[in-house]
Amino acid sequence: MRWGSYLRAFARSFKRSLKDYTVEVYVWWFAYLPTELLNIALGLASWYYYTRFVVGPSGAGRAEWFFSYILLGIAIVPLLNMGVEQPEMALRSLYRGQVSTGGFRVPLWAYYYLAGVPRGVAAVSGFVFSLLQFLVRAALYLALGVYLFGVELGPSANYAGAALICALGFLACLGVGLVLANTFWLFIYREDVHVNPFTWLFTTAATVLGGTYFPLEVLPAWLRPLSYAFPHAYVFEGLRKALLRGAPLEALSRELLALTAYAAVAILLGALLLREIERYVVYKARKV
Amino acid sequence: MGRAEVAVAEKLVKEYESYEITGFVPMTGFGLYALFTVLGEKLGKYERRVVRALDGVSFTVREGEVVGVLGPNGSGKTTLLKILAGLTMPTRGRAEVAGLDVVKDHERLPRVITYIPGLAAISLFARPEMTVEWNLRRFADLAGLPREAVREALELVELVEDAHRRVYELSTGKLARLAIAFGLVKRSPLYLMDEPFTGVSPEVKVKLLELVKWLASEQGSSVLYATHILSEAEQVCSRVIVLHQGRVIADDTPRNLAKELELMESVDVEVRLAEEAEKLARDLAERADRALKVEVEGDVLKLTVAVRSSRDFVQYAVERVHAGGSKLLYVRVREPTLEDVYLALLSKHKAAEEKVVVAPPGVCYIFTGGVGGG
């Protein structure tokens, strides 16, 4: 019964996000959609010509492979980083309010709450909406890469394995995101900070050291253990194996296992910490 | 009485934490500021303070009652309403709305309350670049309410003609009406209105105050109406709760409060003289507690006096004027206004706090109107 009402509230909240998004696209459609597509296409073109320049005229075939390698990194990394950043961002957008008439502070959660949508449901629906947006963006990257720039993902690409790696990688990043979301309550809540330094540090380090642009073998030996502390490293290794080399599921077992363990521990820990800390801060420390 | 209790507050306490920077905290930008502020706190750069916004507040609101919450700025009116709306948690004490505990039943609370925070509702509920109707529908959809509710709310606040105008095109008065409309989309047993008519012109305010009365009398809803504009409270409230520094210093009808404070009524008398003005004025003034004004214009005596019992004074005045052969032209009795009550209460409490002898009964105020609703 309770879950039924949560589901209905979720549907209403999701519809609200969609309605707002549609309005933004509708109001700015002449700039919004073409700019978004152009942004992706220009980003891809930069990498496309960069790889040709790096490989040189003699490296026929290698430039295409290098471009495919990079494409998988730049298409998927926003999705992974979104999993890390979004839980804290959802909290920040819900609790950060603007000061209105008479010094009245109006956070977004009050709007949802007064409409009968619990905070948690509003946060989850916002998260799911962002996830869909990032999924579409990742799909656009891959589609434009394949159809516009002739990327070949290997003759026997293992799409199912790649999808599984991506899903587990996203869940692992989400777990990290849940752990890092606690930094909002612990450090950010009172401050006028627009960037969370903890999630920023994690995503930046993970993007560079996790192998978005290059294989981890090129890193100094002392830095590699740090790279493997990020779920990104397993995602990119597994993804490239599956799509560029057509590795079967068994060959991806190391990455799958690592990501499963990562996701399970991080999600449990993150959810537990978040629940307890939020409960303490919101109810006991009376900061609502 | 015999009406159900819609809202109950018992010994509510609300404390806010505030921090003051007492030392240098480097501003680094880029989020690392957060780290430094944490370090600053640990190193004692921040001084923690606790501000008590509410202190043992208790009261009840019955079905169909419009109760005014009065108090100066910072007296705790908004905090009290936010607690009852579930938007902030009490530190101690208990509050129930329609049988729901504001802490334990927090999630179910929005079903039984409508919170109208005045113009703040616009920043909270509206996208200014979209139309009035679009914004109301957006809220109604989110709350799972039917579309007809939007039309009804627009009609009640007389915004039907502006339904297709963008919110940023509206005047302040219409924005205030839209803020009310957001509340009226959802009908509830308890309306919590926090200075809802700020910026509204007098003629519109009269209509909106009638609407508040209608909610109570026709819909059977209860209204807790926080304001520091006493004339508004005077028009709609059957009872007032006066807050001062987070405490309830009065909870009664304005009329009873005036009695309790021994505030006097004022009586205006106009007489066409057939005797010496000075003698008549002296006789009348002697029967009053205080003479406020004596004027003679030609053969007309105009007298204003303050009295504890207007009935006795008026009876005496009629007899005395006739006995002297003069003609009584005009008599008007004015009860103490809510403003008189409010100011007397505040001065009494301030005096008590400062351990100064309270002004003796009989202190007069310049009366400007009658106490309504009592």
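The values are calculated or read from the model by the stated rules, or taken from the named source; none is laboratory data. Note that the structure is a prediction, hence the values are computed from the model and not measured. Ideal geometry is used to build each Cβ from the backbone, glycine not excepted, and the neighbour counts take in all protein chains shown. Each accessible area value is taken on the protein alone, full model and side chains, heavy atoms only, with ligands, DNA and RNA left out. Shrake-Rupley method; radii C 1.70, N 1.55, O 1.52, S 1.80 Å.
Listing for the model above:
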item	result
Heavy-atom SASA rank of B:T79, A:T260 (probe 1.4 Å, accessible area, largest first)	A:T260, B:T79
Degrees separating the helix B:172-184 axis from the principal Cα axis of chain B, which is the longest one	70
Amide H within-cut-off set for B:Y115, under 5 Å, with H built and near neighbours excluded	B:L192
Rounded to 10°, Cα long-axis angle of helix B:147-156 versus longest principal axis of chain B	30
Residue pairs, from the table B:K82/B:K186; A:K15/B:K104; B:K186/B:K213, whose Cα atoms sit over 21 Å apart	A:K15/B:K104
Only Lys, Arg (+1) and Asp, Glu (-1) charged, at Cβ; segment B:129-250 dipole about Cα centre in debye	300
Probe 1.4 Å, protein heavy atoms only - accessible area per residue of the protein assembly as shown in square angstrom	47
Computed helical MRE - 222 nm, the protein assembly as shown, DSSP H runs ≥ 4 contributing -39500 (n - 2.57), nearest 500	-17000 deg cm²/dmol
Accessible surface, 1.4 Å probe, highest first, among residues B:H228, A:H194, B:H322, B:H349	A:H194, B:H322, B:H228, B:H349
With DNA, RNA and ligands ignored, accessible area of A:L33 (1.4 Å probe; Å², nearest 10)	90
Summed residue charge, Cβ within 15 Å of B:E169's Cβ, Lys/Arg positive, Asp/Glu negative	+1
Exposure of A:M89 as accessible area (Å², to 10), given a probe of 1.4 Å and all protein chains	80
Unit charges on C-beta of K, R, D, E only; dipole of chain B, Debye	1000
Percent accessible area from carbon and sulfur atoms, chain A, protein chains only, probe 1.4 Å	70
Sequence-separation-based contact order of chain B, relative, with Cα cut under 8 Å and 6+ spacing, percent	17
Cα-based Kirkwood hydrodynamic radius, segment A:126-270, one decimal, Å	16.6
Prolate/oblate/rounded call for chain A, Cα gyration tensor, a/c under 1.5 rounded	prolate
Cβ charges +1 (Lys, Arg) and -1 (Asp, Glu), total dipole of segment A:2-284, debye	760
Ratio Rg/Rh, restricted to the protein assembly as shown and using Cα atoms, in which Rh is the Kirkwood radius	1.15
Accessible area buried, both sides summed, chains B and A with 1.4 Å probe, Å²	4000
Antiparallel bridge percentage (DSSP; both residues within the protein assembly as shown; nearest 5)	75
Between 0 and 90°, nearest 10: helix A:29-55 axis offset from chain A longest Cα axis	30
Lysines with Cα under 25 Å of B:K348, excluding same-chain neighbours fewer than 8 positions away	B:K11, B:K14, B:K77, B:K259
Solvent accessible area, Å² - B:R127, 1.4 Å probe, full protein context	40
